[in-house]
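Take a look at the following structure, please.
Derivation of every value follows stated rules applied to the coordinates shown; laboratory data play no part. Everything numeric in this text was worked out from a predicted model, so none of it was measured. Neighbour counts run over all protein chains shown; Cβ positions are idealised from the backbone, glycine included.
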Amino acid sequence: MTGLPGSLLAAVLTIGLLLSGALVLLAAAAYVRRPRRSTLLVALAFGTLFADTLVAVFMLEGLVSREVHHLVEHVLVVVLAVLVLAAVYYGRTVERRHAPDVDEHQ
């Protein structure tokens with residue numbers, strides 16, 4: 001597997017699952033409060049972090065092979081990048097075009 005002892009890797013993955021899960025929940029709550037497409041895209045991006053950690057746990061438990069883990073990991077990195085870029089683009093262009101004209105000093 002890796003150079004890390006199994007218990008250390010398990011601890012790191014557990015912390016990763018907890019923190020990324022918390023980010024997903026916070027982002028979902030933000031989307032509920034402010035249902036904008038860019039907020040949804042950010043929440044989905046955080047979901048890829050959670051999924052990536054979950055796949056690592058599955059590999060550690062022997063539920064998926066090392067090859068599948070690496071393939072899924074790389075796919076999730078691409079998905080994360082696309083979601084973040086889409087959120088920034090959408091938030092800075094599309095949502096701004098549809099926002100009412102408001103004086104920024106108010």
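For the chain, what size does the Cα cloud have along each of its three principal axes, sorted from largest down, in whole Å?
Over the chain, Cα extents along the principal axes are 57, 22, 20 Å.
Which of these, Leu76, Leu18, Leu44, has the largest mean-square fluctuation under a Gaussian network model of the chain (Cα springs below 10 Å)?
Residue with maximal mean-square fluctuation among Leu76, Leu18, Leu44: Leu18.
How high is the relative contact order of the chain, in percent, with contacts defined as C-alpha pairs under 8 Å that are six or more residues apart?
Once divided by the residue count of the chain, the mean separation gives 28 percent.
Sum up the charges of everything whose Cβ sits under 14 Å from the Cβ of Leu80, counting Lys and Arg as +1 and Asp and Glu as -1, but leave Leu80 out.
Charge balance in the 14 Å sphere: -2.
Lys and Arg at +1, Asp and Glu at -1: add these up for the other residues within a Cβ distance under 15 Å of Thr93 and post the number. Write down the numbers at each step before the final one.
Working: positive: Arg36, Arg37, Arg92, Arg96, Arg97; negative: Glu95.
For residues surrounding Thr93, the net value is +4.
Looking at the chain as a GNM with Cα springs under 10 Å, which of Leu80, Leu19, Leu71 has the largest mean-square fluctuation?
Highest fluctuation of the listed residues: Leu71.
Run the helix sum for the chain: -39,500 (n - 2.57) per DSSP H stretch of 4+ residues, divided by residue count, reported at 222 nm to the nearest 500 deg cm²/dmol.
Details: 4 runs with 80 residues, N = 106.
Computed ellipticity for the chain at 222 nm equals -26000 deg cm²/dmol.
Which three extents, in whole angstrom, do the alpha-carbon atoms of the stretch 22-82 cover along their principal axes, largest first?
For the stretch 22-82, the Cα extents along the three principal axes come out at 39, 21, 10 Å.
Taking K and R as +1 and D and E as -1, what net charge do the other residues with C-beta under 13 Å from the C-beta of Arg37 add up to?
For residues surrounding Arg37, the net value is +4.
So for Phe50, Phe58, fewest C-beta neighbours within 10 Å to most, what's the order?
Phe58, Phe50
For the chain, modelled as a GNM with alpha-carbon contacts under 10 angstrom, which of Ala22, Ala86, Ala11 fluctuates the most?
Of Ala22, Ala86, Ala11, the most mobile in the Gaussian network model is Ala11.
Need the full-extension length gain, Ala10 to Arg37, defined as separation in residues times 0.36 nm minus the C-alpha distance. One decimal, nm.
6.2 nm
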